[in-house]
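Below is one structure, written out as structure tokens, with a few remarks after it.
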Amino acid sequence: MPSLVGLTTAEIAQAALAGRDDARWRAKQIAHWIYRKGATDFSAMLDLPAALRHELAGRFRVQPLAVADHRVSRDGTQKLLVHSGDGEVFEAVVFPTRERVSCCLSSQVGCPMGCRFCATGLGGYDRDLTAGEIVAEYLALQRLVDRRISHVVFMGMGEPLLNYGNVLRAIRLLHDEVGLSYRHITVSTVGILPGMVRLAEEGLPIHLALSLHSPFDEIRGKLMPVNQKWKVSEVLSALRRYVAATGRKATVEYLLLDGITDTPEQAEELARLVRGMPCVVNLIPFNHVDTEQGFARPKREAVREFRRRLEAAGVNVTQRVERGHDIAAACGQLAGRHTGRLARRRFRSELPVSPS
Ligand code: SAH
Ligand code: SF4
């Protein structure tokens, strides 16, 4: 059965209420229930006539996701492992802090980009998520917490700019139907050049983050196969154009791998490359993932020195606050024991099916 999450109010009127005089009004009520109140069942929509609720329940699901696993970290982070009935599992994480509640959404099941340090990348790619599945991740997380989730980052499984149409549609739904600010939505990309150019042309004030991880092509190329296609200089100039087009400050994400990307030469070169660009460099110490290369977390002293060099050159720097380590919810760790297509496939047979 098709699901209503993923449709705009106007589309709900068309798809579910065609021919009714009150279609527009009823569609508004239904959209309010699903996007603002997090209803998962038509029976909750008490201001709709019972006959209509009954009729809709025979033709539609409210939302597509079932929860396969739910973990709660000691620090309050919560992670959901979800699927749409096809056994393709993916993860979404919510991070409550004192100031705000943020969440991290997946855009694909797995990822085809193959970055060497990333659990998702090492696991391969299964499929793109639909806009409805992406918005349903947000709604499922919102049901777990009392406070409103105001910030969304596309830093879960997958490369959002490879699933451009669905991600953009999800972002518009989060803005138009859920009521989030575009400014509080961050798309993180490995550096898909055509996607970055296209996103700049949308004219939306979405925040863009570029995963750079080294200013040198030789090093970046060994860590991130995408660099064979689009070089450091190309993705940085695309980021510069994005900043110029949207007037937004961008983020340059920088993964610190012990002895590989955390050297003083790279700090100096990075500072040179981003000088004059309205951006923040976000330092991310490596989160442990078992790889053949045996990557390690950077030493505390190396992180401090890296940061010091950037700041001395006038670059704005932040450091990723790491959360959810005990439930493998940190960046790059998503997919957990379900990493890899084979593991995901095996896992399918054991899936419990419960509404999220
Ligand atoms: N595909 C997009 C978004 C998802 S990954 C991208 O690559 O930007 C989100 C962030 O997590 C990226 O900056 C990515 O490089 C980083 N990441 C991946 N593996 C990691 C790891 N093991 N430790 C820390 N960060 C990691
Ligand atoms: Fe894909 Fe991002 Fe992981 Fe690279 S870091 S494999 S692009 S999810």
How many residues of the range 194-209 are assigned to a loop (DSSP other than H, G, I, E, B) and modelled with pLDDT of 95 or more? The answer is 3
Over the range 131-174, the set of residues among the charged types (D, E, K, R) and over 12 Å from residue 187 (Cβ atoms) is 133, 137, 143, 146, 147, 148, 169, 172
Expected output for the range 108-132 (first residue on the phi > 0 side of the Ramachandran plot and near ligand 2 (Cβ under 7 Å from one of its atoms), partner modelled with pLDDT of 95 or more and in a helix (DSSP H, G or I), Cβ below 8 Å, 6+ apart or cross-chain) is 114/225
When every residue in the range 25-42 that is free of Cβ contacts under 8 Å to residues at least 12 places away in the same chain and assigned to a helix (DSSP H, G or I) is compared, the one surrounded by the fewest Cβ atoms within 10 Å (Cβ to Cβ) is 25
Going through the range 69-114 in order, the residues found to be touching a His at 6+ places or on another chain (Cβ under 6 Å) and assigned to a strand (DSSP E or B) are 80, 102
Residues of the range 141-173 being crowded, with 22+ Cβ neighbours inside 10 Å, among the small types (Gly, Ala, Ser) and more than 16 Å from ligand 2 (Cβ to nearest atom), in sequence order, are 170
| said: Given the condition at pLDDT 95 or above, under 13 Å from residue 219 (Cβ atoms) and assigned to a strand (DSSP E or B), answer yes or no: does some residue in the range 235-252 qualify? | reply: no
Residue 60 meets each of (1) away from ligand 2 (no atom under 12 Å from the Cβ); (2) among the aromatic types (Phe, Trp, Tyr); (3) touching a His at 6+ places or on another chain (Cβ under 9 Å) with one exception, condition (3)
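Out of all the residues in the range 98-107, which are within 26 Å of residue 212 (Cβ to Cβ) and either under 15 Å from the mean Cα position of the chain (by Cα) or without any contact (Cβ under 8 Å) to a residue 40 or more places away in the chain (or both)?
Scanning the range 98-107 gives 102, 103, 104, 105, 106, 107.
When you look at residue 211, is it of a type outside the set (Asp, Glu) and within 12 Å of ligand 2 (Cβ to nearest atom), yes or no?
Here the answer is yes, as residue 211 does meet what is asked.
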Of the residues in the range 174-193, those that are surrounded by fewer than 21 Cβ atoms within 10 Å (Cβ to Cβ) and in a loop (DSSP other than H, G, I, E, B) come to 179, 180, 181
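The values are calculated or read from the model by the stated rules, or taken from the named source; none is laboratory data. None of these values were measured; they are calculated from a predicted model. Backbone-built Cβ (ideal geometry, glycine too); neighbour counts: all protein chains shown.
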